[in-house]
Structures are given as C-alpha cells and as structure tokens.
Amino acid sequence: LVILRARLRAVALAVILVILMPGVARAMCLPATDAERLADADIVFEGLVIRGPFSPARLKVLRYIKGSGPTERAVDTENTKNPDGTITLSSTGISPHPGETWLIYGLGTVKGAVITSACAGSRRLSDRSPPSPPEPSSSSR
C-alpha cells in the first residue's frame, strides 16, 4: 500500500510538471530591463509580420533600434511545423502572426535567420492590423 501511494504521487507529480512546463520555462528566464536586453542583443528592430508563426517567420522591418540590415528579415521563432505535419513548440519561442507588429531582440543569426526568444525580450507590440477600408468605386462619383 505504501509503494502504491508513492507511485501515485510520482505519477501525479509527473503529470503536473508536464502541464506546467511552459510556465515553468518562462519563469526560468532571467529578469532583465529593456536596457540590459538592448545591450545583450546584436540587433533590435520593430517589424510587421509577413509570415509566421513558424520558423522562419518573415518580418518587414519598420525601424532598426540597434544595428542595420535589409528591409525584410527572417526570424527563428523556435517553433516549427515539421514535414509530417506535426508541430514542435518551444516554451520560450515566439508566435508572430501576419499583420502583427513585433519588437525583436536578435542574438545572432543561424542560416540567415535572426535568433530570438521570449527570454531575449522579443514581444508583440500590436495586434493584427484592421482591414483597410474599401476603395471608392468610380460609379460612386
């Protein structure tokens, strides 16, 4: 009976850890100010998401805060969609969706994509842009 209770506790603890793991991982990020993140980053920019949320996401650079580069950047989100259709998510990855504006703190590049994470400080600045109003037609004049 004592062994059975110990096993049940171990299984319950394992289930709780699996459920809480993303939150635990985010809590593991070292606290830092934006100034510290800026100092640590190789490149920092605001960008409008063209393609995402999976790596490589594509962002149109609105402005560089630190560094310089092309008007569009590939970004490694740490989240991937695999060839077999499965999805691999990182607890510290970012999920930029088309139309959103993001602040990206880049910690280098891999295969041409900016390396970042939530722990690096990258975050969404705005939701998706509202749809543009329709163009006036020539018949309405």
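Filtering the range 29-62 to residues that are assigned to a loop (DSSP other than H, G, I, E, B) and either loosely packed, with under 14 Cβ neighbours inside 10 Å or out of contact with any Phe, Trp or Tyr (no Cβ under 7 Å at 6 or more places or on another chain) (or both) leaves C29, L30, P31, A32, T33, D42, G52, P53, F54, S55, P56.
Looking only at the range 74-93, decide whether some residue is within 19 Å of E36 (Cβ to Cβ) and either modelled with pLDDT of 95 or more or hydroxyl-bearing (S, T, Y) (or both). Looking through the range 74-93, at least one residue is within 19 Å of E36 (Cβ to Cβ) and either modelled with pLDDT of 95 or more or hydroxyl-bearing (S, T, Y) (or both).
Which residues, taken from the range 64-89, are surrounded by fewer than 17 Cβ atoms within 10 Å (Cβ to Cβ), of a type outside the set (D, E, K, R) and either part of a loop (DSSP other than H, G, I, E, B) or in contact with a Pro (Cβ under 9 Å, 6 or more places away or on another chain) (or both)? Once the filter is applied, which keeps residues that are surrounded by fewer than 17 Cβ atoms within 10 Å (Cβ to Cβ), of a type outside the set (D, E, K, R) and either part of a loop (DSSP other than H, G, I, E, B) or in contact with a Pro (Cβ under 9 Å, 6 or more places away or on another chain) (or both), the range 64-89 yields G67, S68, G69, P70, T71, N82, P83, G85, T86, L89. Of all residues in the range 97-128, how many are out of contact with any Leu (no Cβ under 7 Å at 6 or more places or on another chain), of a type outside the set (A, V, I, L, M, F, W, C) and open to solvent by less than 30 Å² (accessible area, probe 1.4 Å)? Number satisfying all stated conditions: 7. Applying the set (1) at pLDDT 55 or above; (2) closer than 24 Å to N82 by Cβ to I19 leaves exactly one unmet item: (1).
The values are calculated or read from the model by the stated rules, or taken from the named source; none is laboratory data. Quick caveat, the model's predicted, so the values are computed rather than measured. Neighbour counts are summed over all protein chains in view; Cβ atoms, including those assigned to glycine, are modelled from backbone coordinates with ideal geometry. We work out accessible area using only protein heavy atoms, side chains counted, and drop any ligands, DNA or RNA first. Shrake-Rupley method; radii C 1.70, N 1.55, O 1.52, S 1.80 Å.
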